[in-house]
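Before any comments, here is the structure.
The values are calculated or read from the model by the stated rules, or taken from the named source; none is laboratory data. Model, not experiment: these values are computed from the prediction. In this analysis, Cβ positions are derived from the backbone assuming ideal geometry, glycine residues included, and neighbour counts consider all displayed protein chains. We work out accessible area using only protein heavy atoms, side chains counted, and drop any ligands, DNA or RNA first. Shrake-Rupley method; radii C 1.70, N 1.55, O 1.52, S 1.80 Å.
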Amino acid sequence: MNTKASSPEVIVALDVEERERALGLVKELIPRVRLFKVGSRLFTAEGPAFIREIAARGASVFLDLKFHDIPATVEGSVRAATAMGVMMMTVHTSGGVAMMAAAAKAAADEATRRRLERPLIVGVTVLTSLSKEDLADLFASDLDLRVLVLRLAARAREAGLDGVVASVDEAAAIKRELGGGFAVVTPGIRPAGADVGDQKRVATPAAAAASGSDFIVVGRPIIEAPSPLEAAEAIIAELREARR
């Protein structure tokens, strides 16, 4: 995990459906980028064998399937993901403390049993595609979004998770309240002037660095660039400059 003084690590989101395109991106970006996100889109298309195929090329995998179910079901899912050798995976914090605790224990137990490095388990707080108005409409509550995220993050730490997924807007508060050793993974990262797409709570790489984020997830600004490698290098340079 990054220390407070280091730059956030870039995670490239392989938000594509074509196996060859995903592998091409991995080949182009390694070793400049070592960590790649596989979400439901690519995982549904290619399955568990594809995770191992990415790893065989020297990359690490952030499996972003956002497990959310009863504790026993999530426990089984986390065991299966741990067996694949992923570096990090997501569960939904809204699944509750018991579910998150089952996920944390399953990862530790399975990693020990298989003599693997234990993957990081991070809890998704509030999706960056949702605004305060969206939450108010869904849950009939005017609870401040930052307060909600902090509450969910606190429950995640209580359950034994390694960190949370949260926007830049909440990252600094999470670090301040829960400590530097509790990781923050920040999606919704867009270089200045980039199209925000379906995201509502977005930020630049420099803002993420300033907030204390440990990892930033970048998809379209890299994978849809004319040169994904050049786009990734520009973001990495911006992160380093921001931390000086």
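Just a few scattered comments:
- Segment GLU230..ASP134, full-extension length gain: 31.0 nm, with 0.36 nm per residue of separation and the alpha-carbon distance subtracted.
- Accessible carbon and sulfur surface of the chain relative to its total accessible area, %, 1.4 Å: 51
- Neighbour net charge for ILE222 - beta-carbon separation under 12 angstrom, K R +1, D E -1: -1
- Sorted largest first, the spans of the alpha carbon positions of the chain along the three principal axes are 43, 41, 35 Å.
- Of interest is the spacing of the C-alpha centroids, which for region 147-169 and region 1-63 amounts to 24 Å.
- Relative contact order (percent, whole number), the chain, Cα cutoff 8 Å, 6+ residue spacing: 21
- The chain - mean residue ellipticity at 222 nm from DSSP helices (-39,500 (n - 2.57) per run, n ≥ 4, rounded to 500): -14500 deg cm²/dmol
- Vicinal HN-Hα couplings computed from phi for region 181-189 (Karplus, 6.51 cos²θ - 1.76 cosθ + 1.60; Hz; Gly/Pro x): x, 8, 6, 10, 9, 10, x, x, 8
- For region 1-114, taking Cα atoms only, Rg and Dmax work out to 14.6, 41 Å respectively.
- Charge context of ARG41, other residues only, Cβ under 11 angstrom, K/R +1, D/E -1: -4
- HN-Hα J in Hz across region 214-225 - Karplus 6.51, -1.76, 1.60, θ = phi - 60°, x for Gly and Pro: 8, 9, 10, 9, 10, x, 3, x, 9, 6, 9, 6
- Stokes-Einstein D for region 90-150, Kirkwood Rh over Cα pairs, 20 °C, 1.002 mPa s (µm²/s): 159
- Sites counted here are GluC sites (Glu not before Pro) in a DSSP loop (not H, G, I, E or B) having no more than 15 other Cβ atoms within 10 Å; the longest part of the chain that contains none of them is 118-223.
- Aspartates and glutamates with Cα under 14 Å of LYS175, excluding same-chain neighbours fewer than 8 positions away: ASP162, ASP214
- Relative to its Kirkwood radius, the Cα radius of gyration of region 49-193 gives an Rg/Rh of 0.99.
- Highest mobility in the GNM of the chain, judged by mean-square fluctuation with C-alpha springs under 10 Å and restricted to ALA103, ALA56, ALA183, is found for ALA56.
- A 1.4 Å probe run over the chain, with the rest of the protein chains in place, finds 46 Å² accessible per residue.
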